[in-house]
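Everything below concerns the one structure shown next.
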Amino acid sequence: MSLSAADMDRLAHLARLGLAPSERERLCTQLNDFFGVVEQMRAVDTTGITPLAHPTDIMAEVALRLREDRATEPNQREANQRNAPALENGLFLVPRVIE
């Protein structure tokens, strides 16, 4: 797949982007390079390979080096909530947006 200048104009219009001609050309080149990578990935034969539902499904086969899950920053709740317009029980109160 390759994008043309007309395709870029249409995409820019749909995304409400104002692109200068140089920006449009640069972006078109970058997107076409990306599509080239996607085509290379599509060309790989994946017959017989079971898709992963999640990357950590392979935990039994590969030892991932995960860092320890511990708090490294001090609790600054009071300082962060100092300028809040409304609080209740240590939580921010916000206006209802869904009825």
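Of note:
- Filtered residue count, segment 1-52, keeping only those that are surrounded by 12 or more Cβ atoms within 10 Å (Cβ to Cβ), of a type outside the set (A, V, I, L, M, F, W, C) and in contact (Cβ under 8 Å) with a residue 24 or more places away in the chain: 1
- Some residue of segment 25-39 being modelled with pLDDT of 90 or more and on the phi > 0 side of the Ramachandran plot: no
- Residues that are surrounded by fewer than 10 Cβ atoms within 10 Å (Cβ to Cβ), over 30 Å from LEU3 (Cα atoms), modelled with pLDDT under 90 and of a type in the set (A, V, I, L, M) do not occur anywhere in segment 72-95.
The values are calculated or read from the model by the stated rules, or taken from the named source; none is laboratory data. Just so it is clear, the model here is predicted, and its values are computed rather than measured. For neighbour counting, all protein chains shown are included, and Cβ atoms are generated from backbone atoms with ideal geometry for every residue, glycine included.
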